[in-house]
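The values are calculated or read from the model by the stated rules, or taken from the named source; none is laboratory data. Keep in mind that what you see is a predicted model, and the values were worked out from it rather than measured. Cβ atoms come from the backbone with ideal geometry, glycine included; neighbour counts cover every protein chain shown. To get the accessible areas, we keep the full protein, side chains included, count just its heavy atoms, and leave off ligands, DNA and RNA. Shrake-Rupley method; radii C 1.70, N 1.55, O 1.52, S 1.80 Å.
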Amino acid sequence: MTTKHMTRKATRHISQNEGLIFEKSSPGKAAWKLPPLDVPDVDTAKLLGKQERKDLGNMPEVSEIEIIRHFTRLSTWNYAIDLGMYPLGSCTMKYNPRVNEFVARVEGLANGHPYQPEKISQGALRIMRTLSDCLLEITGMDAITLQPAAGAHGELTGMLMVRAYHESQGNARKKILIPDSAHGTNPATAATVGYAVENLKSNDRGMVDVAALAAQMNEDVAALMVTNPNTLGVFEQEIHKIAELMHAKGGLLYMDGANMNALVAKTRPGDFGVDVMHLNLHKTFSTPHGGGGPGSGPVAVKKILEPFLPTPVVITKPDGTLGFEYNRPQSVGRVRAFYGNFGMFIRALAYIFANGPDGLRQTTEDAVLNANYIRKGLEGVYDLPYSTPSMHEVVFSDKLQSKKGVKTMDLAKRLIDYGFHPYTTAFPLIVAGALMIEPTESEPKEELDLFIEAMKSIAEEVEEDPQYVLDAPHNTRISRLDETAAARKPVLRWKPEPSAP
Amino acid sequence: MLQAIGIRSVDDLFSPIPAEFRLTRDLAIPRQMAESEIVDWFKQRAKESGEGYTSFLGAGAYSHYRPVVIDALVQRGEFLTSYTPYQAEFAQGTLQAIFEFQTMISELTGMDLANASMYDGSTGAAEAVMMAVRITGRHSGVIARSLHPEYREVLDTYATHQAIPLRMVSFKDTGQVDLKELETAVDDDTACILIQSPNFFGTIEDIEAIAEIAHRRGALLIVSIAEAVSLGIVEPPRAADIVAMEAQSFGVPLGFGGPYCGVLATKEKFVRQMPGRLAGQTVDKNGKRGFVLTLATREQHIRREKATSNICTNQALVALMVNIFMTVYGKVGLRELAKHNMAKAAYAAGQFSKHARVRFAGAPRFNEFVVETSEDPYAINSRLLGHKIVGGLPLKKFYPELRHAALWCCTELTTRSMIDTAVGLVAESERSVLNKDAEPEEVVR
């Protein structure tokens, strides 16, 4: 065991074992209590007849302390931003301020019913309006919907609007151009909206090849979906030319705003020619990722796309109060019930308030500074496939380490032993064996230094003892899991052991 | 740090942005605020948002008690501030919780399997229809009009661009789906029948009869469940092929409409066509039990344009709330909770029926019912609002033929005195309308 490389960041400690909740269940245990029924009891068998449920199967019966311990124990098996740097590229794992959680739980906001009269919903509507105004100013766009539930849902909404726009021009067009560096959601979304996907090759600087785009662009193309900065962390320096090319042939420019954390208060997509874009409030605007959601994916558009926004939209009524407008004949329709992930609007707005114009600018600068500090610290130790300047994230490859048979995923697993969550592995697809690192603005220099130290140490281990890295992680509760077996014979739920006859 | 990077100022790092597009002014947004100011601002907004009102609204968003352990646990940073559990060794907590969630949803819905969550009940229902199209190779859908009207709107949006024609089937006097009409609506190109139960009017559908019609023609049955608490006392739709559920009732705040927690459950044979994340059990190299995200070949980050759906981010933390709620109430509590809901609604419907017409008799209900009044329910509601009561949802916006009807909901949190007060006010208004109608007749006489 190589101990000289042990990390300064993490130490093993006792972690509690915990079975599945069903394995703790036994009849008679309970963690609930209802008040005495103040109306006559009902004969459910009589009211429901054959529709009455007799048994709830294997639902658990456990006590409150067992529930607290169960979930607390599980929680300690997770890594989290609250424990340290979480450098997942393109995911923007920044600090999730606790004031956001507090204000989202204020009575009245947390308990508001979506169908309560507008007259007593002015506060909620004002939150939606204020957030909308802020996001429009930040993006430089003209109109916005907050309805989409996540980034991919925002993409879907945006592409529906692209389609509706072209239909209103008399031709829906056939395809969407997507750079080879794009997120998987982009092509999946284009397909969902009924468009064919055409790949667009990147040039040797990792950017959209404008000449190739000019050749591929024609009247069959409805839009280009571009991420800017792209997934290499590179700003598309010719973005305005790209926009001009698209517009000249009647196409639209869609921007995936996943990487907006590199741009806020420094430049505005609306100013450089974007027609429609989505934001990820759970990335750029600090709402928590929560183990995979909820997110929120507002879509901002230029004037020409405004008529197609999903219903309803928030408007100011003649009497000066706010309300919802449903009568929008050109709308793409609804993309979800009610008005969107309102709880995330509160959190994102609290983040904007806590920062203000100065804070948002500082945030972006720090995010880009931190990424470049890591880039400088690891350049030479890891292969940098594109020397183009990095914005908020940097992409290395495992080219040097793979000579010893160690791939990006192996390096990532070893990084866990050092007390860091791995970076994004094997993405973007245009870099073989990619290590995609996004530190965000939240990290102090001390944490960045620990990370650089860990990555350097792992590179040394690869030279000295590659097998040790291949066998990682060594310090976790469980070692590498058999994913092939999981997919071949899926066990997706617990079932009681069949009892002996 | 600047020195280490070898630059003179941070601005150098932004040189890739063409100068003409660099923002050189401050953003025109509110100035930076202190935490105390932020809290004050939102508390003010809460005061303008129905704080202190008693509500009889349901219609897809339900007010149930949320045990305090839910927020105590979901606010642990290890749950709150972690990402999708792609690195399984470092995310076993989230993964095991998802596995338990999938198990409990399967148990409650009577399905074999469930996914890790969808955005909400409406998008879940739309994804279920697209799933049925993939499974059957057929192209159209038959939808009950008693499905939540906003779910229908979402479905319309999705279906339009997937070229899935949708046929609507109406409801009978009992509020249940008109089976005769359903029978004729289904043909050999029908991929699925989609109904809701309890439906939008709170009426419980005859699932077996509907399943029989679907299956006889080779179509699938999708059942949408918007009020999850009903599963404690109402037989689950075991004859369905896909259940598309909104689990908000299980411990998720009303929150003015979101975030909520959609989830899909289905039969084992359809799992590879199901969208969304799935956690599966496996072992590590030492044979120790662990959990991973699995069957990822269905998903967008692997399959790109050929994926089953474009969904990526889901509702994980909300699903954890649901999970904890289900664990707290469990096998016995969920049944008792559901009984309380039924009892309150039965009492309220009984009281209302003394003064107004309660529609859709003759079929079982859960915790919602439709009250028809002589006067426009909007007018009644604005009077109730003066007493800090939010009355039932007027239905004419969604169902023009139900002009003077409103959908009322009672849960375990609705007290008898709240019900009696509301009924009293509605009765008063009904009497005054009747008196007004009566007066001119007397004059004539």
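Overview of values
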read-out: Calculated diffusion of the stretch A:330-431, Stokes-Einstein form, Kirkwood radius summed over Cα pairs, 4 °C and 1.567 mPa s, µm²/s; value: 75 µm²/s
read-out: Taking the convex hull of Cα positions in the stretch A:134-204, its mean projected area over all directions (nm²); value: 6.1 nm²
read-out: Chain B, accessible area per residue, ligands and nucleic acids excluded (1.4 Å, Å²); value: 34 Å²
read-out: Sites B:LYS396 and A:ASP319, calculated FRET efficiency, Cβ-Cβ separation with R0 25 Å, nearest 0.05; value: 0.65
read-out: Reach of A:LYS175 by Cα under 20 Å, taken over aspartates and glutamates that are not fewer than 8 positions away in the same chain; value: A:GLU155, A:GLU167, A:GLU198, A:ASP209, A:GLU219, A:ASP220, A:GLU244, A:ASP256, A:ASP275, B:GLU305
read-out: Candidate aspartates and glutamates for bridging to B:LYS172, where Cα separation is under 15 Å - those fewer than 8 sequence places away on the same chain excluded; value: B:GLU181, B:GLU183, B:GLU205, B:ASP206, B:GLU401
read-out: Over chain A: helical MRE at 222 nm, DSSP H runs n ≥ 4 each giving -39500 (n - 2.57), nearest 500; value: -10500 deg cm²/dmol
read-out: Extension gain from B:GLN3 to B:ARG216, taking 0.36 nm per residue of separation minus the Cα-Cα distance; value: 69.2 nm
read-out: R0 of 41 Å, Cβ-Cβ distance A:ALA432-B:GLU268: FRET efficiency to nearest 0.05; value: 0.65
read-out: A:ASP220 versus A:SER26: modelled label distance in nm, points set 7 Å from Cα along the beta carbon direction; value: 6.9 nm
read-out: GNM top mover of B:ILE29, B:ILE207, B:ILE225 - chain B, alpha-carbon springs below 10 Å; value: B:ILE29
read-out: Within-10-Å neighbourhood charge of A:GLY356 [Cβ basis; K, R +1; D, E -1]; value: 0
read-out: Label-point gap, in nm, between A:ASP449 and B:LEU434 - each point 7 angstrom along Cα→Cβ; value: 8.3 nm
read-out: Protein heavy-atom accessible area occluded, B/A pair - total, 1.4 Å probe, Å²; value: 16300 Å²
read-out: Contact order relative to length of chain A, as percent, for alpha carbon pairs under 8 angstrom and 6 or more apart; value: 19 percent
read-out: Over chain B, volume per residue of the alpha carbon convex hull, in Å³; value: 231 Å³
read-out: Rg and Dmax of the protein assembly as shown, Cα atoms only, in Å; value: 27.8, 109
read-out: Set of lysines with alpha-carbon distance to A:LYS24 below 28 Å, sequence-local pairs under 8 removed; value: A:LYS33, A:LYS54, A:LYS489, A:LYS495, B:LYS267, B:LYS285, B:LYS288, B:LYS331, B:LYS339
read-out: ³J(HN,Hα) computed for each position of the stretch A:375-386 - Karplus, 6.51 cos²θ - 1.76 cosθ + 1.60, integer Hz, glycine/proline x; value: 4, 5, x, 10, 4, x, 6, 10, 5, 10, x, 10
read-out: For the stretch B:271-348, the Rg and Dmax computed from alpha carbons only, in angstrom; value: 18.8, 59
read-out: Simple label model, 7 Å out from Cα along Cβ direction - B:SER170 to A:LYS33, nm; value: 5.2 nm
read-out: Dipole magnitude (debye, nearest 20) for chain A, charges at Cβ of Lys, Arg, Asp, Glu; value: 900 debye
read-out: Surface accessible to a 1.4 Å probe, per residue, for the residues of chain A, Å²; value: 34 Å²
read-out: Dimensions (Å) - the stretch A:83-170, Cα atoms, principal axes, largest first; value: 50, 45, 22
read-out: Gyration tensor (Cα) of chain A, equivalent ellipsoid semi-axes in angstrom; value: 38, 37, 22
read-out: Length-normalised contact order for chain B - Cα pairs under 8 Å, 6+ apart - percent; value: 20 percent
read-out: More than 21 Å apart - percent of Cα-Cα pairs taken over the stretch B:330-445; value: 42 percent
read-out: Volume of the Cα convex hull of the stretch A:272-346, divided per residue and given in Å³; value: 133 Å³
read-out: Rounded percent of accessible protein surface that carbon and sulfur make up, the stretch A:26-92, 1.4 Å probe; value: 57 percent
read-out: Mean separation of Cα contacts under 8 Å, 6 or more apart, over the residue count of the stretch B:307-445: relative contact order %; value: 24 percent
read-out: Rotationally averaged projected area of the stretch B:184-331 (alpha carbon convex hull; nm²); value: 11.9 nm²
read-out: Convex hull volume of the stretch B:1-123 per residue (C-alpha atoms, cubic angstrom); value: 297 Å³
read-out: Backbone N within the stretch A:88-117 under 11 Å of label point (7 Å from B:ASP71 Cα along the Cβ vector); value: A:101-111
read-out: Whole-Hz ³J(HN,Hα) from phi, Karplus 6.51 cos²θ - 1.76 cosθ + 1.60, for the stretch A:111-123, glycine and proline x; value: 9, x, 8, x, 9, 5, x, 4, 4, 9, 10, 4, x
read-out: Beta bridge orientation in chain A: antiparallel %, DSSP, nearest 5; value: 50 percent
read-out: Fully extended contour minus Cα-Cα distance, from B:ASP112 to B:LYS43, at 0.36 nm per residue; value: 20.4 nm
